[in-house]
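Below is one structure, written out as structure tokens; the observations come after it.
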């Protein structure tokens, strides 16, 4: 079982913080009967330049209209119980290496994975979406800390590349996003990558996906790039042997 | 002992491949009496979208004017002997994770480090400069493969950020380079980072540095950013306890 809302980013263009993400989050929670004063657990561990309390306040303020009760994993006196009793899990963006490192460090990795694969709704954006992939090998982030492994939650059978874009600073000779993803495919020839431009998201219910947003979502596999179709992603989800 | 030429990149602006790097490489080799038909060993392991033979040919063609004999580590029948007998080591750019992974994989890490700290001239650009740092935690590259460790050659006591730039695609909400480096400093408060814009390089002879290039090289430490001075870098090199 899986109920996932995987957003590319907290912002789109010049929008306010979680402004465009708020509506899909609200609808996703309502569709899964998370409402009224139900507890939604925020995971702040991708935050590095912002402390966890400030990060929690920022998200709480941005989602104030949604009638749920946000709690924060870093404040829980019994984190395992907090993960269990929450009605949904919300994982914010920041640095993917830091997020995954902390999940391993505090032994939250298995608890969260188990809860989500048992049906607990999971919402992530940016780094929070990245770790729903089999690994963090398609993150755009700087490896500021070494996690024990690049293996991630593997809630889906393909890699996500959040903040996907085709643009490149002029006159800059570092690798383009395209080249980086080609490198990934070269070294990981069986893997599939979904490039999520800002403002887009994937909603995954068991083996069915819905693509949200205006911009085309891109699918990379076999060194090819195409616009991702619902059918192609559904097929990948159906083939997912990791699913219980 | 150390004799290092650490270049930001293989290109600057719209220049040809190694066009602007060629002259400093030639002068550096000549200054260390590497000349005539002396063997310079090229390490191609950062190459991912290009195969090692093609990469070697590309570099050989670009440096054809320099009167040395380029050989390639991936072609050596006895790699350990090839590292030992070469008069200098040349490490090209590409993917830093891949480069470091291969150095560990084939047990070249210790051989190269030992040879360079015994005085063998080392030239790197991009990923090749990055791995001269204590770790690869300030690379811009995608973590397409997991090396056994982020620990790098530690030929210098500070981190390099190659292709350093202050620019950012418009309307893009991923972390800026500045934010990424601030994250690094947050998690690694004692570390120092040198941001090398394209076209710049550091020449390090024992505890003395020379800054090459037109653009200012930036120094990040204690959450501050300043233009790097020769004096500041010399001081860091003098304090380097890792040096034999």
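Every number here is computed from the coordinates shown, using simple stated rules; none is lab data. Quick caveat: nothing in here was measured; it's all calculated off a predicted structure. In this analysis, Cβ positions are derived from the backbone assuming ideal geometry, glycine residues included, and neighbour counts consider all displayed protein chains.
Couple of notes before you dig in:
- Take residue B:210, move 7 Å from Cα toward the beta carbon, and the resulting point lies 6.5 nm from the same point in each other copy, nearest first.
- Between residue B:76 and residue B:14, residue separation times 0.36 nm minus the direct Cα-Cα distance comes to 18.9 nm.
- Relative contact order [Cα under 8 Å, 6+ residues apart], chain A, whole percent: 22
- Shape of chain B from the C-alpha gyration tensor: rounded (a/c under 1.5, with a ≥ b ≥ c the square roots of its eigenvalues).
- By the beta-carbon count within 10 Å of each Cβ, the least crowded to most crowded order of A:145, A:43, fewest first, is A:145, A:43.
- If you run the Gaussian network model on chain A, springs between alpha carbon atoms under 10 Å, then out of A:131, A:112, A:50 the most flexible one is A:50.
- For B:205, A:160, order by how many other beta-carbon atoms lie within 10 Å, fewest first: B:205, A:160
- Taking a ≥ b ≥ c as the square roots of the Cα gyration tensor eigenvalues, the stretch A:1-89 comes out oblate, since a/c reaches at least 1.5 and a/b does not exceed b/c.
- Choice from B:15, B:133, B:229 with maximal GNM fluctuation in chain B (Cα, 10 Å cutoff): B:15
- Spin-label pair residue B:178/residue A:35, simplified geometry with 7 Å Cα→Cβ offset, distance in nm: 4.5
- Where labels lie 7 Å past Cα in the beta-carbon direction, separation of residue B:51 and residue A:238 in nm: 3.7
- Whether the stretch A:102-244 is rounded, prolate or oblate, judged on the alpha carbon gyration tensor where a/c under 1.5 counts as rounded: oblate
- Inter-copy separations for residue B:170, label at 7 Å along Cα-Cβ, nm, ascending: 0.9
- Inter-copy label distances for residue B:57: 6.1 nm (label point placed 7 Å from Cα along Cα→Cβ; shortest first).
- Per-residue mean of C-beta atoms belonging to partner chains within 10 Å, peptide B:176-189: 4
- Neighbouring partner chain Cβ atoms per residue of B:44-54, average, 10 Å criterion: 2
- Paramagnetic reach from residue B:168 in the stretch A:38-58 [backbone N under 16 Å; point 7 Å along Cα→Cβ]: A:48-50
- Approximate spin-label separation residue A:85-residue B:27, in nm, with each point projected 7 Å along Cα-to-Cβ: 6.9
- Hypothetical label at residue A:1: residues of the stretch A:23-46 whose amide nitrogen lies under 14 Å (7 Å Cα-Cβ projection): A:32-34
- Across the alpha-carbon set of the protein assembly as shown, the Rg to Rh ratio works out to 1.00, Rh being the Kirkwood radius.
- Restricting attention to chain B, close to 50% of DSSP beta bridges with both partner residues there are antiparallel.
- Helical mean residue ellipticity (222 nm; -39500 (n - 2.57) per DSSP H run of 4+; nearest 500) of chain B: -8500 deg cm²/dmol
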